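Novice: Please read through the structure below; I'll follow up with questions.
The values are calculated or read from the model by the stated rules, or taken from the named source; none is laboratory data. What you see is a predicted model, and the numbers here were worked out from it, not measured in a lab. Glycine also receives a Cβ, built like all others from the backbone with ideal geometry; neighbour counts cover every protein chain displayed. Only protein heavy atoms, including side chains, enter the accessible area calculation; ligands, DNA and RNA are left aside. Shrake-Rupley method; radii C 1.70, N 1.55, O 1.52, S 1.80 Å.
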Amino acid sequence: MDKPLVSILIPFKNVAPYLEECLDSIQQQTYLNYEVIAVNDHSNDDSLAIAQRYSAKDARFKIYCNEEKGIITALRKAYKHSKGTFITRMDADDYMTEHKIETMVSALMNNGKGSLALGLVRYFSKTGVNDGYAKYEKWLNKLTVKGHNFKEIYKECVIPSPCWMVYRSDFEICGAFKPNRYPEDYDLAFRFYEHGLSCIATNQVLHFWRDYTTRTSRTSEHYAQNYFIAIKLHYFLKLEYDTGKTQVVWGAGKKGKEVARSLIEKKIPFTWVCDNTKKIGKEIYGVKLLHYSQLKKVSISQCIITVANEDEQYTIKTYLEELGTTSSVDYFFFC
């Protein structure tokens, strides 16, 4: 059987200490029919020179420079120059297992178009992985093992940005890298979800995700919490919002206030509930906070939950199910 060409898209900027390990892991792949389209996004270290050394020795490595600025435009340029039947993205400061590409290609060929190949991920760091990333890894991998990633898409990005592969034709249908919306990886995950791609379950670790203090997701304003709330609400209103139901916001913390403020700006009416005795009965942004028990008086509702505490989330979930509601239909966790 012919081996389809895989395009590995890599935007990079100032990753000289890590780039060789990344590119070496690609050269060590058991699957050989790939092309690396790497785009330098105005690095001021030795990243470009390192990438060019690989290109000089291996024709599969093609290096370009981004005339514009930013990861989205770098990804667009990489995709523009790609020719593969399959499209995948790689982070220049990470590394992949030697069977990553072969495993993903096999999964896609076995499942056909309309599918999304994934892999389990492992964070690593010289200083140790912090608790937040450890929890994210555990949560993400738990979803991926069952292929249930989209069931919790409003909580956090459910598709690891450097560990997916898709048919080029499906990628086109989903809009490729055309949108300017950040975080770009979360936006793409929502578009995979919107267009009905099916996540292929796997129990194999395929990608090692490096964490360090100057990593883009830690330093760029485009990955700040307000961007995440904005993108969640954008797709919620586009894909889930039912005008025939009473919209409810549960929680009056920072995230709850951000959601409430956005709904007010969009002139979308809502009921605001919480269990904080210090806030119940008070008005915030002109909306009166009610005790959550008032939901018993609402016959048909749709609830956005912004409470982050896991124990409280379980209590809320139990309460809402006792009211006869269904997850991802009647209520959605935004954290």
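Novice: Between K267 and S106, what FRET efficiency follows from the Cβ-Cβ distance if R0 is 56 Å, with the result rounded to 0.05?
Specialist: On the way: r = 50 Å, r/R0 = 0.88.
After rounding to 0.05, the efficiency reads 0.70.
Novice: Shifting gears a bit: Cα-Cα over 31 Å: which of K62/K135; K257/K297; K69/K113; K155/K288; K151/K296?
Specialist: On the way: K62/K135 36 Å; K257/K297 23 Å; K69/K113 33 Å; K155/K288 26 Å; K151/K296 25 Å.
Those over the limit are K62/K135; K69/K113.
Novice: Next question, about the same structure. I'd like the orientation of helix 310-322 relative to the chain: the angle between its Cα long axis and the longest Cα principal axis, in ° from 0 to 90, rounded to 10.
Specialist: Taking the Cα atoms of the chain, the angle to 310-322 is about 60 degrees.
Novice: Could you please tell me the mean projected area of the C-alpha convex hull for the range 76-229, averaged over all directions and given in square nanometres to one decimal? Don't skip to the end; give the middle numbers.
Specialist: Numbers: hull surface 35.6 nm².
Orientation-averaged projected area of the Cα hull: 8.9 nm².
Novice: Hey, what number do you get for the chain at 222 nm if only DSSP H runs of n ≥ 4 count, each worth -39500 (n - 2.57), divided across all residues, to the nearest 500? Mind showing how you got there, number by number?
Specialist: Working: 11 runs with 122 residues, N = 335.
For the chain, the value works out to -11000 deg cm²/dmol.
Novice: May I ask what percent, to the nearest 5, of DSSP beta bridges between residues of the chain are antiparallel? Present the calculation step by step, with values, prior to reporting the outcome.
Specialist: Details: 10 of 49 bridges.
Once the DSSP bridges in the chain are tallied, antiparallel ones form about 20 percent.
Novice: Hey, can you find the accessible area per residue of the chain for me, probe 1.4 Å, expressed in square angstrom?
Specialist: Working: 15920 Å² over 335 residues.
Normalised by residue count, the accessible surface of the chain is 48 Å².
Novice: Something else about it: Could you tell me the accessible area of S161 in Å² (1.4 Å probe, neighbours in place), rounded to the nearest ten?
Specialist: In the full protein context, S161 sits at about 10 Å².
Novice: What is the Cα radius of gyration of the range 17-134 over 2.2 N^0.38 Å, N being its residue count? Intermediate results must be reported in sequence, preceding the final value.
Specialist: Numbers: Rg = 15.3 Å, N = 118, 2.2 N^0.38 = 13.5 Å.
Compared with the compact-globule rule of thumb, the range 17-134 sits at 1.14.
Novice: Can you check what the Kirkwood hydrodynamic radius comes to for the range 1-62, Cα pairs only, in Å to one decimal? Kindly include the intermediate steps, with their values, before the conclusion.
Specialist: Details: mean 1/r = 0.0826 Å⁻¹.
By the Kirkwood definition, the hydrodynamic radius is 12.1 Å.
Novice: In addition: Please check: in the Gaussian network model of the chain (C-alpha springs, under 10 Å), which one of T277, T246, T88 has the largest mean-square fluctuation.
Specialist: T277
Novice: Excluding ligands and nucleic acids, what accessible area in Å² is computed for E67 using a 1.4 Å probe, to the nearest 10?
Specialist: Only protein atoms counted, so the area is about 140 Å².
Novice: Can you pull a Stokes-Einstein diffusion coefficient for the range 223-319 at 4 °C (1.567 mPa s), Rh from Kirkwood over Cα pairs, as a whole number of µm²/s? Spell out each step's value before the answer.
Specialist: Working: Rh = 13.8 Å.
Rounded to a whole number, D works out at 94 µm²/s.
Novice: Which of rounded, prolate, oblate describes the range 101-172, given a ≥ b ≥ c as roots of the alpha-carbon gyration tensor eigenvalues and a/c under 1.5 marking rounded, otherwise prolate only if a/b is larger than b/c? Could the numbers behind the result be given before it?
Specialist: Values: a/c = 2.42, a/b = 1.76, b/c = 1.38.
Taking the square roots of the gyration eigenvalues as a ≥ b ≥ c, the range 101-172 is prolate.
Novice: Which far-off residues, 5 or more places away or on another chain, put their amide H under 5 Å from the one on V205, with H placed in the peptide plane?
Specialist: L120
Novice: Assigning unit charges at the beta carbon (Lys, Arg +1; Asp, Glu -1) and nothing else, what dipole magnitude in debye, to the nearest 20, does the chain show about its Cα centre?
Specialist: Numbers: 45 positive and 40 negative charges, 172 e Å.
Here the chain has a charge dipole of around 820 debye.
Novice: Oh, and also: Report the net charge of residues surrounding R181, where surrounding means a beta-carbon distance below 11 angstrom and charges are Lys +1, Arg +1, Asp -1, Glu -1.
Specialist: Values: positive: K178, R191; negative: E184, D185, D187.
Net local charge, R181 excluded: -1.
Novice: Tell me the angle of helix 184-194 to the major Cα principal axis of the chain, expressed in degrees between 0 and 90 and rounded to the nearest ten.
Specialist: With both axes taken from Cα atoms, the answer is about 70 degrees.
Novice: Using the Kirkwood radius over C-alpha pairs as Rh, can you work out the diffusion coefficient of the chain via Stokes-Einstein at 20 °C, viscosity 1.002 mPa s, in µm² per second?
Specialist: 100
Novice: Using a basic spin-label model with each label point 7 Å from the Cα along Cα→Cβ, how many nm lie between T315 and A59?
Specialist: Result: 6.6 nm between the two label points.
Novice: Further question: Could you pull out the longest piece of the chain with no exposed loop chymotrypsin sites (Phe, Trp or Tyr not before Pro) in it, calling a site exposed if DSSP puts it outside H, G, I, E, B and it has at most 16 other Cβ atoms within 10 Å?
Specialist: On the way: sites that count: Y212, Y241, Y285.
It runs 1-211.
Novice: Now a separate question. How tilted is helix 16-27 with respect to the longest principal axis of the chain? Cα atoms for both, answer in degrees (0 to 90, nearest 10).
Specialist: Compared with the principal axis, the helix lies near 70 degrees.
Novice: Can you put S301, S327 in order of accessible area, largest first, using a 1.4 Å probe?
Specialist: On the way: S301 25, S327 55 Å².
Sorted by accessible area, descending: S327, S301.
Novice: Just to be sure I understand: of the beta bridges DSSP finds with both ends in the range 90-232, what percent are antiparallel, rounded to 5?
Specialist: Values: 5 of 13 bridges.
Counting DSSP beta bridges with both partners in the range 90-232, the antiparallel share is about 40 percent.
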